[in-house]
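The values are calculated or read from the model by the stated rules, or taken from the named source; none is laboratory data. Note that the structure is a prediction, hence the values are computed from the model and not measured. Cβ coordinates were reconstructed from backbone atoms using ideal geometry, including for glycine residues, and neighbour counts include every protein chain displayed. Remember, those area values only see protein heavy atoms, side chains included, never the ligands or the DNA or RNA. Shrake-Rupley method; radii C 1.70, N 1.55, O 1.52, S 1.80 Å.
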Amino acid sequence: MTTLDPAKLEATVKRVYDMLGGAVIAGMIHLGDRLGLYRALAAAGVVTSADLATRTGLHERWVREWLRGQAAAGLVDYAGDGRFALSAEAVHVLADESSPFFAAGGFDGLPAQMAVLERLPEAFRTGLGLPYDAFGADGTRAVERMLAPWFRTMLVPLALPALDGVVAKLAAGARVADVGCGTGVAVIEMAKAFPRSSFGGYEISRHALARAAENRAAAGIANVTFHDAARDPLPADASCDLITTFDCLHDMAHPATVIRAIRQAIKPDGTWLIGDVKSKPTFEENVRDNPMAAMMYGFSVLSCMSSALSEPNGAGLGTLGLTEELARTMTREAGFTRFRRLDIEHPMNAYYEVRP
Ligand SMILES: C[S@@+](CC[C@H](N)C(=O)[O-])C[C@H]1O[C@@H](n2cnc3c(N)ncnc32)[C@H](O)[C@@H]1O
């Protein structure tokens with residue numbers, strides 16, 4: 001019989017229970033965001049559970065248990081005498097949706113993400129994953145809330161100026177396509193900033209397209225159209241000055257086909273901005289250098305690789321599958337000749353300027 005190392009056994013048990021703790025606390029963050037508890041805490045300052053229950057219209061006993069768990073997890077500060085508060089930093093991360101540090105939106109989709117665990121054993125057996133729409137409208141909204149803070153605060157002021165000559169073209173009036181546009185936040189932000197340009201969002205998820213239409217209506221702008229890419233694909237007429245793809249190439253079942261379509265749609269002097277998950281060429285490097293690697297491989301199984309395998313012969317790149325080297329190769333094979341990594345810092349993504 002194998003002799004067990006007691007210290008290693010204890011460490012393994014602790015690590016596994018830490019994971020269960022993380023999963024349960026993640027569920028509590030979801031509730032705090034969904035029930036407005038973080039926003040109410042941010043507005044209230046130092047409060048008792050009774051104060052917070054009154055402010056949110058919730059039952060005090062439930063709020064008290066939630067607050068105690070949050071304080072035990074180090075997310076909410078305990079001020080003594082049954083009083084709790086959010087630190088200024090926690091307000092940014094958990095309550096203020098306009099902050100670039102806002103992260104609670106990433107917990108919005110937790111129930112939908114965990115619900116697919118019921119369907120994934122079948123995917124492991126057949127090899128066929130679940131399309132994006134398997135997460136329903138809730139999943140679509142969750143992706144939006146996770147990614148929107150960057151689009152709202154960084155895309156126009158930081159990323160577009162990093163591209164050679166693009167801002168001047170957009171200001172004068174250009175044609176732009178955002179492929180895999182999701183719920184359209186990125187393309188709407190660009191359209192608001194550049195009213196002389198016309199923007200098209202291309203997407204295959206019906207839930208994302210429905211929400212994109214709502215977002216456009218809420219923004220009250222007329223220079224954006226959304227297209228169901230399966231029926232109304234990118235025009236193959238070299239007419240686009242700028243094409244963008246954000247966090248979607250690694251999710252696509254057939255990214256090489258989409259990249260070829262982008263090559264046909266772009267003007268000879270056009271620009272393609274790729275924002276996609278930063279990853280290293282080897283598994284060993286990802287594990288060594290990326291503290292979020294374990295979570296990302298998990299998201300890949302839950303969502304990214306799954307959607308990338310949701311059609312027969314899917315590429316299945318997955319969350320960490322589009323390395324810079326692969327992006328260079330795939331774009332070169334589609335006929336692009338210039339590829340430049342942009343100097344834009346982001347905890348998860350890398351940005352590339354690609355040109356014919
Ligand atoms: C992680 S989401 C990102 C959405 C959006 N770009 C954003 O950043 O919020 C990836 C999106 O790619 C879309 N997608 C996948 N394959 C596609 C294809 N062939 N054409 C257009 N969109 C596609 C999915 O439906 C999904 O909405």
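Details
- Reach of K280 by Cα under 18 Å, taken over aspartates and glutamates that are not fewer than 8 positions away in the same chain: D247, D251, D289, E324, E325, D343, E345
- Taken about its Cα centre, the range 246-334 carries a charge dipole of roughly 200 debye when the Cβ of each Lys and Arg holds +1 and the Cβ of each Asp and Glu holds -1.
- Share, in percent, of DSSP beta bridges within the chain that are antiparallel, nearest 5: 45
- The separation of the range 177-209 from the range 240-290, counted between C-alpha centres, amounts to 17 Å.
- Of T3, F283, L170, farthest towards positive along the dipole that unit charges on Lys, Arg, Asp, Glu beta carbons give the chain: L170
- For the range 333-340, 3J(HN,Hα) per residue [Karplus equation, 6.51 cos²θ - 1.76 cosθ + 1.60, θ = phi - 60°, Hz, x = Gly/Pro]: 5, 8, x, 7, 10, 10, 8, 9
- Among beta bridges that DSSP assigns inside the range 231-356, antiparallel share in %, nearest 5: 60
- Within the accessible area of the chain (1.4 Å probe), percent carbon and sulfur: 59
- Per DSSP, loop chymotrypsin sites (Phe, Trp or Tyr not before Pro) in the range 1-108 with at most 16 further Cβ within 10 Å: F101
- Within the range 184-263, trypsin sites (Lys or Arg not before Pro) in DSSP loop having at most 13 other beta-carbon neighbours inside 10 Å: R196, R231
- Classification of the range 1-113 by its C-alpha gyration tensor yields a prolate form. The axis ratio a/c (a ≥ b ≥ c) is 1.5 or more, and a/b outweighs b/c.
- Note on the range 143-208: with charges restricted to the Cβ of Lys and Arg (+1) and Asp and Glu (-1), its dipole about the Cα centre is near 160 debye.
- The Cβ shell under 12 Å around I204 holds other residues with a net charge of -4, Lys and Arg each +1, Asp and Glu each -1.
- In straight-distance terms, cross-link reach from K169 covers every one of the lysines whose alpha-carbon lies under 21 Å from its own, apart from those fewer than eight places away in the same chain; here that gives K192, K267.
- Rounded FRET efficiency, nearest 0.05, which uses the C-beta distance separating T257 from A26 and R0 of 41 Å: 0.70
- In Hz, Karplus ³J(HN,Hα) per residue of the range 43-56 (6.51, -1.76, 1.60; θ = phi - 60°; x = Gly, Pro): 6, 8, x, 8, 9, 8, 5, 5, 4, 5, 4, 5, 5, 9
- Close amide-amide hydrogen proximity is noted between F84 and V47, T48, A79, each under 5 Å apart and 5 or more residues distant or on a separate chain (H modeled in the peptide plane; Pro and chain starts excluded).
- Contact order for the range 251-337, expressed relative to its length and based on alpha carbon pairs under 8 Å spaced 6+ residues apart, stands at 46 percent.
- Long-range HN-HN contacts of A229 with modeled amide H, under 5 Å: E203, I204
- Size of the chain as Cα extents on the principal axes (Å, biggest first): 66, 61, 35
- Over the range 205-356, equivalent-ellipsoid semi-axes from the Cα gyration tensor in Å: 26, 20, 16
- Surface per residue (accessible, 1.4 Å probe) for the chain, Å²: 50
- Couplings for the range 6-12, taken from phi via the Karplus curve 6.51 cos²θ - 1.76 cosθ + 1.60 with θ = phi - 60°, read x, 5, 5, 4, 4, 5, 5 Hz in order; Gly and Pro are left as x.
- Each Lys and Arg Cβ is given +1 and each Asp and Glu Cβ -1; about its Cα centre, the chain then shows a dipole of about 400 debye.
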